[in-house]
């Protein structure tokens, strides 16, 4: 899902350390992850890992665009574990540490950082 990059000096999401973190992070979502992986195999037309690159690409695209496939869950878990890896954090120019309690520097009064949130539009409904 996230390939290694020699250019940026980062591992792929299949790196043993990142994969171990992923397995440890699944927890209560294990059943949903198993169902999503079964759905991926079904949409790809066979065991995903055994398919050639073209079939994997086509199957992954069907998986990504099929509602309720579990793709969002897998993407979230992989991205979460990938971007908390120390090597990846350093490649982004960030100190590899939790955001709290030290926090990160944000320019006071720079409301432009909220532009992507505002652009999303309204995600709630009014109470009756």
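The values are calculated or read from the model by the stated rules, or taken from the named source; none is laboratory data. Computed from a predicted structure; not experimentally measured. Cβ atoms come from the backbone with ideal geometry, glycine included; neighbour counts cover every protein chain shown.
Of the residues 24, 55, 49, which single one is free of Cβ contacts under 8 Å to residues at least 24 places away in the same chain, closer than 16 Å to residue 82 by Cβ and not in a loop (DSSP other than H, G, I, E, B)? Break it down into steps so the answer makes sense when it comes.
Details: 55 fails: closer than 16 Å to residue 82 by Cβ; 49 fails: closer than 16 Å to residue 82 by Cβ.
Of the residues listed, the single one that is free of Cβ contacts under 8 Å to residues at least 24 places away in the same chain, closer than 16 Å to residue 82 by Cβ and not in a loop (DSSP other than H, G, I, E, B) is 24.
Of the residues making up the stretch 65-117, those that are in a helix (DSSP H, G or I) and loosely packed, with under 10 Cβ neighbours inside 10 Å are 111, 112, 113, 114, 115, 116, 117.
Yes or no: residue 17 under 26 Å from residue 89 (Cα atoms) and touching a helix residue (DSSP H, G or I) at 6+ places or on another chain (Cβ under 6 Å)? The answer is no for residue 17. Of all the criteria given as (1) within 20 Å of residue 5 (Cβ to Cβ); (2) at pLDDT 95 or above, the one not satisfied by residue 60 is (2).
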